[in-house]
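Student: Structure below; questions to follow.
The values are calculated or read from the model by the stated rules, or taken from the named source; none is laboratory data. Not measured: the values here are computed from a predicted model. Here Cβ is always computed from backbone atoms with ideal geometry, including for glycine, and neighbour counts include all displayed protein chains. These area figures cover heavy atoms from the full protein model, side chains too; ligands, DNA and RNA do not enter into them. Shrake-Rupley method; radii C 1.70, N 1.55, O 1.52, S 1.80 Å.
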Amino acid sequence: MNGAQSLIRTLENCGVEVCFGNPGTSEMHFVAALDSSPGIRAVLCLFEGVATGAADGYGRMTGSPAAVLLHLGPGLANGLANLHNARRAASPVVAIVGDHATSHLQYDAPLTSDIVGFARPVSNWIVTSKSALTVASDAARAVQAATAAPGSIATLILPADTAWSEAAHAASALPRLGPQAVAGAVIDETAKLLRNGKRSAILVRGGALLGPGLEAAGRIAAKTGARLVCDTFAPRTELGAGRVILERLPYFAEQIVEFLAGVEQLVLVGARPPVSFFAYPGVPSWCSPEGCRFATLAHEHEDGVRALEALDDALGGPASTPARVPLDLPAVPRGPLTPLAVAQGIAQLTPEHAVLSDESITLGFVLGQTMAFARPHDHLPCAGGSIGQGLPVAVGAAIACPDRKVVCVEGDGSAAYTLQALWTMARENLDVTVVICANRSYRILTVELERVGASGAGPKALSMLDLHDPEMDWTRIAQGLGVEASRAGTSEEFVAQYGSAMRQRGPRLIEAML
Ligand SMILES: Cc1ncc(C[n+]2csc(CCOP(=O)(O)OP(=O)(O)O)c2C)c(N)n1
């Protein structure tokens, strides 16, 4: 067995089932080794940012890492922005980066670079294998590092000679470093806090926002009157009818301040105190009320689900029933196509248990409102603010959840960053419906231009925020990448096209002309 085979078999032993990648010469042995492990699905992405974003989406939906195979420093660098987003989402990802053979590095050939330097800001764990003999154990440790609670990026750099040289047998999996238990004293103190009569909110993030964690949080809210809150861009939330009522922090700083006004104590479950996304002149970045007391029930790496369940027990009293979201579907939109009409159409027609990859940017302000009362679904926003992740995350979510409809709502500007994802959707025949919000503008930036107080913007400045000249033709872009596409100019057309996409399986793109 060579080093490459020992890598792939070790990944398989460690439960890795998918490898997204874009390889080059230094990774050819790893590519060849993929056929020796039937348990690993190989998914080609035409840009590394698609591969890393897909691994993020996959990690968010499964809790397990995908491997991402990248070509030396430049391949990793192309994937960095979505590794940044994945890091912010605490998604487990194993990034495997090929390098020149050790003996070749001394010649400083063109693709030689500081791979560790590229990897460091996004990685929690970086190892360069020194020999084919250690590749297997390094790979097992990479998976363990990526999956250590709450999940992170582990980067394994493999010089080409570690792939082609004779290796030892594949390694077995190391134990998963799951979330740590929260001490009983912390539970008791938090219970006391929530009983002290002050106005409380509980800010939850991570796994505690799903299933049993959210249910326990809902019971606590019902018992204590505390508000249940999640971050504006919580990496994954379960939303829609029947789910526990959860308030989402708004986006703009002054809105967060208003939203949290009167909160005297904030209990944090895997979350950090709320701050504004950007700084604005004269507006506070720190958004919690003055004098607000913070109590951490669970740190990010701790077991927030069990902590919430234990807190519910510690609060005692009769069993409570969480307040639940009613199903409230909007009317079918008619007439001119507006952002609200798109949001209403999506809420009206999206089936149960869909996964929504949401990079809708300004349309998100209305989409959030309509989808809150739609059928139950999972919501995956851009956790790290680096646009160009919606389409790749949809790829990863669709591979993670082949039985669920994936809907990806994309600003046209955001979609242009990683449009190669459409090709992977076509090639893998993924059940993804993409809605492009074609407003031909970086609209949010026209809002931000005013908010930051940047004065004197003339035609040259405004041209930097305008996408009209030339207009991107998303139906032809999609068709050129193998995805069936159509254009909707009215609400009626949008409803007909989106409705048919919901009834059919496979990739579809709808360009909503706004
Ligand atoms: C990597 C990266 N580059 C640039 C930005 C800045 N940015 C934020 S939103 C945005 C434009 C989004 O436009 P679009 O997707 O069309 O949505 P709209 O604002 O029109 O709703 C840009 C360029 C960013 N967040 N991330």
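Student: Mind listing the Cα extents of segment 173-212 along all three principal axes, in Å, largest one first?
Tutor: Sorted largest first, the three principal extents are 49, 22, 13 Å.
Student: Okay, moving on. Calculated FRET efficiency, GLN479 and SER172, Cβ-Cβ r, R0 41 Å, to nearest 0.05?
Tutor: Plugging the Cβ-Cβ distance into 1/(1 + (r/R0)^6) gives 0.30.
Student: In addition: I'd like the antiparallel share, as a percent to the nearest 5, of DSSP beta bridges with both residues in the chain.
Tutor: Here the share of antiparallel DSSP bridges comes out near 10 percent.
Student: Mind computing the radius of gyration and Dmax over the alpha-carbon atoms of segment 277-354? Å is fine for both.
Tutor: Here Rg and the maximum Cα pair distance are 20.9, 54 Å.
Student: Also, I was wondering about something else. Would you list which lysines come within 23 Å of LYS192, measuring only between C-alpha atoms, while excluding same-chain residues fewer than 8 positions from it?
Tutor: Partners found: LYS223.
Student: Follow-up question, since we're still on this one. Multiplying the sequence separation of SER36 and ALA181 by 0.36 nm and subtracting their Cα-Cα distance, what value in nm do you get?
Tutor: 48.3 nm
Student: Further question on the same structure: Rounded to the nearest 500 deg cm²/dmol, what is the calculated helix-only ellipticity per residue at 222 nm for the chain, with -39500 (n - 2.57) per DSSP H run of length n ≥ 4?
Tutor: Taking each H run of at least 4 residues, the total per residue is -11000 deg cm²/dmol.
Student: Another question, if that's okay. Under a Cβ-only charge scheme (Lys and Arg +1, Asp and Glu -1), can you give me the dipole magnitude of the chain about the Cα centre, in debye to the nearest 20?
Tutor: Dipole about the Cα centre, nearest 20: 940 debye.
Student: How would GLU450, GLU264, GLU511 line up by accessible area, probe 1.4 Å, largest first?
Tutor: The residues order as GLU450, GLU264, GLU511, largest area first.
Student: Continuing with this model, one more query. Report the FRET efficiency, 1/(1 + (r/R0)^6), for VAL116 and THR321, where r is their Cβ-Cβ distance and R0 is 56 Å, rounded to 0.05.
Tutor: Computed FRET efficiency for VAL116 and THR321: 0.60.
Student: With a 1.4 Å probe and all protein chains kept in place, how do LYS223, LYS460 rank by accessible area, largest first?
Tutor: From most exposed to least exposed: LYS460, LYS223.
Student: Oh, and also: Give, rounded to the nearest 20 debye, the magnitude of the charge dipole that segment 309-462 has about its Cα centre when Lys and Arg contribute +1 at Cβ and Asp and Glu contribute -1 at Cβ.
Tutor: That gives a dipole near 660 debye.
Student: With a 1.4 Å probe and all protein chains kept in place, how do GLU258, GLU428, GLU290, GLU300 rank by accessible area, largest first?
Tutor: GLU290, GLU258, GLU300, GLU428
Student: Would you calculate the volume per residue, in Å³, of the smallest convex hull containing every Cα atom of segment 315-455?
Tutor: Expressed per residue, the convex hull around the Cα atoms of segment 315-455 is 170 Å³.
Student: Based on DSSP, what percent of beta bridges with both residues in segment 251-381 are antiparallel, to the nearest 5?
Tutor: Looking only at bridges with both residues in segment 251-381, the antiparallel portion is about 15 percent.
Student: Using every Cα-Cα pair within segment 418-473, state what percent have a distance larger than 18 Å.
Tutor: 52
Student: For ASN2, which sequence-distant residues (separation of 5 or more, or a different chain) have an amide H within less than 5 Å of its own amide H, given hydrogens modelled in the peptide plane?
Tutor: Residues meeting the amide H criterion: ALA167.
Student: Quick check on packing: order 137-143, 190-196, 91-97, 465-471 by the mean number of other C-beta atoms within 10 Å, highest mean leading.
Tutor: 91-97, 137-143, 190-196, 465-471
Student: Would you mind telling me the share, in percent, of accessible area of the chain contributed by carbon and sulfur at probe 1.4 angstrom?
Tutor: Result for the chain: 55 percent of the exposed heavy-atom area is carbon or sulfur.
Student: Kindly work out what percent of the DSSP beta bridges joining two residues of segment 79-220 are antiparallel, to the nearest 5.
Tutor: Of all bridge pairs located within segment 79-220, approximately 0 percent are antiparallel.
Student: Same structure again: CYS14 accessible area, nearest 10 Å², 1.4 Å probe?
Tutor: Counting only protein heavy atoms, CYS14 exposes about 10 Å² to solvent.
Student: A follow-up question, please. Kindly report, to the nearest 10 Å², the accessible surface of TRP164 as traced by a 1.4 Å probe over protein heavy atoms only.
Tutor: Per-residue accessible area (TRP164): approximately 130 Å².
Student: Still on this structure: Take the Cα radius of gyration of the chain and divide it by 2.2 N^0.38 Å, with N its residue count; two decimals is plenty.
Tutor: Compactness ratio reported: 1.00.
Student: Quick check: from the Cα gyration tensor, does segment 103-152 come out rounded (a/c under 1.5), prolate or oblate?
Tutor: oblate
Student: Once the mean 1/r over all distinct Cα pairs of segment 385-514 is inverted, what Kirkwood radius in angstroms do you read off?
Tutor: One decimal place: 15.5 Å for the Kirkwood radius.
Student: Another question, then. Please work out the average accessible area per residue across the chain, using the 1.4 Å probe convention, and give it in Å².
Tutor: With the other protein chains kept in place, the chain gives 40 Å² per residue.
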